[in-house]
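The structure appears right after this line, and notes come after that.
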Amino acid sequence: MKIHDLITTTDALAALCERLAKSDFVTVDTEFMRENTYWPELCLVQIANEEEAAAIDPLADGIDLTPLLDLMCDNEDVLKVFHAGGQDVEIIYNLTGKTPHPIFDTQIAMMAISQSEQIGYANLVEAWLGITVDKGARFTDWSRRPLTARQIEYAIGDVTHLSKIFPKILKKLMKTGRGEWLDAEMEKLADPANYRNDAGEAWRRIRQAGRNPAVLGRLKALAAWREGEAQHKNIPRGRIMRDETLADIASHPPKQQADLVKVRGLSNAWKDNDIGKRLMKVLEKAEPLTADEMPDKPKRGAPLGKEGALVADLLKLLLKIRTREIDVAARLLTRSDEMEALAAGVRKLPVLQGWRYEVFGRDALELVEGKLAFAVKGGKLNMTHIDDVADDMAEAEAAE
């Protein structure tokens, strides 16, 4: 595989992307910094196909990333392959308002062909290629220039290894016939709605006890205000105010700015500075949440009570058996809250639809309805239909 020198010009980038546009797939990774900023700072992009690989310096003077971003978001003929690519996709969305498409994530794919829930990149490389990844440059400062040869070599390794692993994963997926299982998961990863930063929805990420519309209204207003402050200053939202402090102010709003000095988590300066004034104005204008905006009431266990909880435990046991039998990650099939809902009588669930129903949902439903039982055969715990148990017992009695 040809490894190019660090790409620092638009012409070199355009030539690379023109060649890569003829590929069936490209593997992509990014290096970024976000510890001290609101928006992640893109510091390096690595890209490869089966023949060549390069690192691209987005911080180089005068470089225009348009050829790369067009390849990522506007070329439907080239599959973009990531590993745990959520943050990489977020960065591309922030730059373009679009997401890479079509897309493939090897971490998600591993859930369909193994019991690995969230396999890390180093473990992926070790498992498929028998190579130990050098993690020495993992926590480097990618924004510092010039980049060292070791940094670039480490970064490019992420995509060169992936370009060898992806065809192997794809081959196994085709052999098992589970590729269609991943279609919805990959589309979800590429859904722009997952990356839109809606300040009006920021309050939903903050824990707040109770369902008082006035308190939640203040929480919503304060959270949106904090997003705006953090974006304007390009600093992490926690540098403006921590979640706990924001929730405390929403629950116990100060009557005047001078009272901000009493709020745990705020410095004395808030009692007379400009940001404190802006906070007080937000509180003054905050309105209670409407009925339509109120969050759903939290579930307090299955409505069937203790018996329902026991049924949910049996479903989780069934899930362990099934994932072991077919070598698939439990997370790809269903989640704990969904099994609790199934035990509680809910039937409109993803696990009871499509391929998930065929693979696990049908048996889960029959277990809840008393048509399935557990049995030990050959020293292993298995599931069996009630009718089969009766037949086995009849055969045993006839043999006697």
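Here is how the numbers come out for the structure above:
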{"item": "Euclidean distance between Cα centres, region 347-370 to region 22-64, Å", "result": "42 Å"}
{"item": "Modelled FRET efficiency - R0 51 Å, residue 19 with residue 348, Cβ distances, 0.05 increments", "result": "0.55"}
{"item": "Neighbourhood charge, 10 Å Cβ-Cβ cut-off, centred on residue 67 and excluding it, Lys, Arg +1 and Asp, Glu -1", "result": "-4"}
{"item": "From the C-alpha gyration tensor of the chain, square roots of 5λ in Å", "result": "43, 37, 17"}
{"item": "Distance cut-off 20 Å, percentage of C-alpha pairs in region 98-158 lying past it", "result": "45 percent"}
{"item": "Length gained when the stretch residue 307-residue 84 is fully extended (0.36 nm per residue, less Cα-Cα span)", "result": "76.5 nm"}
{"item": "Extension gain, residue 123 back to residue 204 (0.36 nm per residue minus Cα-Cα distance, nm)", "result": "25.7 nm"}
{"item": "Estimated translational D of region 194-236 in µm²/s (Stokes, Kirkwood radius over Cα pairs; 25 °C; 0.890 mPa s)", "result": "222 µm²/s"}
{"item": "Environment charge of residue 13, counting only residues whose C-beta is closer than 10 Å and scoring Lys/Arg +1, Asp/Glu -1", "result": "-4"}
{"item": "Length released on extending from residue 3 to residue 239, taking residue separation times 0.36 nm less the Cα-Cα span", "result": "80.9 nm"}
{"item": "For region 58-165, Kirkwood radius (reciprocal of mean inverse C-alpha pair distance, Å)", "result": "15.6 Å"}
{"item": "Choice from 44, 124, 349 with maximal GNM fluctuation in the chain (Cα, 10 Å cutoff)", "result": "349"}
{"item": "Spacing of the two label points (7 Å from each Cα toward its C-beta) at residue 174 and residue 294, in nm", "result": "5.5 nm"}
{"item": "Mean projected area in nm² (Cα convex hull; one quarter of hull surface) for region 42-85", "result": "3.7 nm²"}
{"item": "Per residue, in Å², the accessible surface of the chain once ligands and nucleic acids are set aside, probe 1.4 Å", "result": "54 Å²"}
{"item": "Loop trypsin sites (Lys or Arg not before Pro), region 167-199, which have at most 10 other Cβ atoms in a 10 Å radius of their Cβ (DSSP)", "result": "196"}
{"item": "Convex hull (Cα only) mean projected area of region 237-341, reported in nm² to one decimal", "result": "10.9 nm²"}
{"item": "Point-to-point label distance, residue 211-residue 59, nm (Cα→Cβ direction, 7 Å offset)", "result": "4.9 nm"}
{"item": "Carbon plus sulfur fraction of accessible area for the chain, probe 1.4 Å, in percent", "result": "50 percent"}
{"item": "Separation of the residue 134 and residue 337 label points, Cα + 7 Å toward Cβ, nm", "result": "4.4 nm"}
{"item": "Rh by Kirkwood over Cα pairs, then Stokes-Einstein D for region 1-44 at 0.890 mPa s and 25 °C, µm²/s", "result": "192 µm²/s"}
{"item": "Label zone at residue 149, where the point sits 7 Å out along the Cα-to-Cβ direction: region 36-57 residues whose backbone N lies under 18 Å", "result": "54-55"}
{"item": "Max mean-square fluctuation residue, GNM over the chain, Cα-Cα springs under 10 Å, options 86, 217, 62", "result": "62"}
{"item": "For region 302-350, alpha-carbon Rg over 2.2 N^0.38 Å", "result": "1.14"}
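The values are calculated or read from the model by the stated rules, or taken from the named source; none is laboratory data. None of these values were measured; they are calculated from a predicted model. Counting neighbours? That spans all protein chains shown, and the Cβs are built from the backbone with ideal geometry, glycine included. Note: accessible area is taken over every heavy atom of the protein model, side chains too, but ligands, DNA and RNA are not part of it. Shrake-Rupley method; radii C 1.70, N 1.55, O 1.52, S 1.80 Å.
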